[in-house]
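Enquirer: Below you will find the structure I want to go over with you.
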Amino acid sequence: MRQLEYFVAVAHERSFTLAARRLHVVQSAVSAAIASLERDLKVTLFERSAQRVVLTEAGTALLPEALAVMDAVQGARDVVDELGAGMRGKVRVGLLPGLGLVDLPAAAGEFRRRYQNVELQLRVEPEGSAGVIVGLRHGDIDVGFLGVGAGSVPRELTAWELLRVPQVLAVPVGHRLARRRSIALAELADEAFVDFPPGFGTRTLIDQTFEAAGIERRVVVEALGIDNGVQFVRHGVGLGILPGYAVAGDEQIRAIPISDQTFQWSLYMATLRKRKPSAALRALLGLVSTHLRHPDGTELGADLVNQQN
């Protein structure tokens, strides 16, 4: 277990020095443990140089298995803890920029009050859903939010669908299309668009849809999140394909249905399939389900805990 713990720490930090600091041990102990593990397995787990430490193919294959073993041990500890001092451990969560469909501050606050011995870490993945997926693969996070189209969740992940979110064409009031009741996709060929950077699930969905229709799309702004995208549309920089809830009631933006596309995406919470959710993670999933906001603005509760079984 100590060898696997040291291996995961080096894989996470990409550095023997930083892994030693994280583990509160001397670097020589980490190096010795990794060398011993490599001898036992008869493979090289890391490519080492003065500039970087990178997982080999064998190391990449071992990482999810090592995480699964550590999760199983933590699960055994959870069972004992629940009978004694209460739930313990750590949950690291990958967030999407500008995620407005979950009241995360309320969910995190309630989690901390209920489970004071569990360390909850939240971090925004600036590369969107693609960054969350990489974080899960590398073991940098335990669970993450994904905003992707139907059938776009990688098979290596277990995902719980929280909400389905249809989108509309967001048009500034002064635009020539602002008075339309609906619009076909082909009519948008010459327009400038506000969207999110490549790697965001909704950007991938929209790009693929336009490409499949043979329409070249011009993105002039890559926004930092939904609210930021709305601001650029409001000021006439470009059109946006955005969730209806994000522009509802905005007097400077018209929400126009796209007659032949919904661009619907789903919000998921996901973990690596080979990692069994800990008791702390299951508790967090249950709390998130009670702090969802439906795309029409109403509160929504979903039973995610039952979906885990």
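The values are calculated or read from the model by the stated rules, or taken from the named source; none is laboratory data. Just so we're clear, the structure is a prediction, and the values are computed from it rather than from any experiment. We place every Cβ from the backbone using ideal geometry, glycine too, and count neighbours over all the protein chains shown. For the accessible areas, the whole protein counts, side chains as well, though only heavy atoms, and no ligand, DNA or RNA atoms are used. Shrake-Rupley method; radii C 1.70, N 1.55, O 1.52, S 1.80 Å.
Enquirer: Got a sec? Charge dipole of the chain, +1 on Cβ for Lys and Arg, -1 for Asp and Glu; which of A76, P243, L62 is way out at the positive end?
Expert: Value computed over the given set: A76.
Enquirer: Moving on. Is the shape of the chain best called rounded, prolate or oblate, per the rule: a/c under 1.5 gives rounded, else a/b larger than b/c gives prolate, else oblate, with a ≥ b ≥ c the square roots of the Cα gyration tensor eigenvalues? If you can, show how the numbers build up before the last one.
Expert: Values: a/c = 2.69, a/b = 1.77, b/c = 1.52.
Prolate, since a/c reaches 1.5 and a/b exceeds b/c.
Enquirer: Could you check what % of the DSSP bridge pairs in the chain are antiparallel, to the nearest 5?
Expert: Details: 27 of 43 bridges.
Antiparallel bridges: around 65 percent, rounded to the nearest 5.
Enquirer: So what is the accessible area of segment 208-249 per residue, in Å², with the probe set to 1.4 Å?
Expert: Working: 2190 Å² over 42 residues.
Accessible surface, normalised per residue, equals 52 Å².
Enquirer: Got a sec? Which residues in segment 1-43 would a label at V73 touch, if it sits 7 Å along Cα→Cβ and we count backbone N under 11 Å?
Expert: Answer for this model: 1-8.
Enquirer: Relative contact order of the chain: what whole-number percent is it, with Cα pairs under 8 angstrom and at least 6 residues apart? Don't jump to the answer; show the numbers that get you there.
Expert: Numbers: 557 pairs, mean separation 67.2, N = 309.
Relative contact order here is 22 percent.
Enquirer: Related question: To the nearest 0.05, what FRET efficiency results for E187 and K274 with a Förster distance of 35 Å applied to their C-beta separation? Write down the numbers at each step before the final one.
Expert: Details: r = 46 Å, r/R0 = 1.31.
Rounded to the nearest 0.05, the efficiency is 0.15.
Enquirer: Write down the accessible area per residue of segment 74-183 in Å², having rolled a 1.4 Å probe over the full set of protein chains. Could you put the intermediate results ahead of the total?
Expert: Working: 5420 Å² over 110 residues.
Per-residue value: 49 Å².
Enquirer: Okay, moving on. Run the accessible area of the chain with a 1.4 Å probe and give the carbon-and-sulfur part as a rounded percent.
Expert: Numbers: 7690 of 15470 Å².
Of all accessible area on the chain, carbon and sulfur atoms account for 50 percent.
Enquirer: Report the gain in length on full extension from A213 to L99: 0.36 nm times residue separation, minus Cα-Cα distance, nm rounded to one decimal.
Expert: Length gained between A213 and L99: 38.1 nm.
Enquirer: Still on this structure, please answer the following. From the phi of every residue in segment 51-65, what ³J(HN,Hα) in whole Hz does the Karplus formula 6.51 cos²θ - 1.76 cosθ + 1.60 yield, where θ is phi - 60° and glycine or proline is x?
Expert: Result, ordered by residue: 8, 7, 10, 10, 5, 7, 4, 5, x, 4, 5, 6, 3, x, 5 Hz.
Enquirer: How far is it, in nm, from the label point at R22 to the one at E161 when both lie 7 Å from their Cα along the line to the Cβ?
Expert: Simple spin-label model gives 3.4 nm for this pair.
Enquirer: Apply the a/c threshold of 1.5 to the C-alpha gyration tensor of segment 11-147 and tell me whether it is rounded, prolate or oblate.
Expert: On the way: a/c = 2.19, a/b = 1.41, b/c = 1.54.
Oblate is the answer for segment 11-147, as a/c is 1.5 or above yet b/c matches or exceeds a/b.
Enquirer: With 5 Å bins from zero, work out the P(r) of segment 216-261 over every alpha carbon pair and list the percent per bin.
Expert: Taking all Cα pairs of segment 216-261, the binned fractions are 4, 21, 33, 25, 15, 3, 0 percent.
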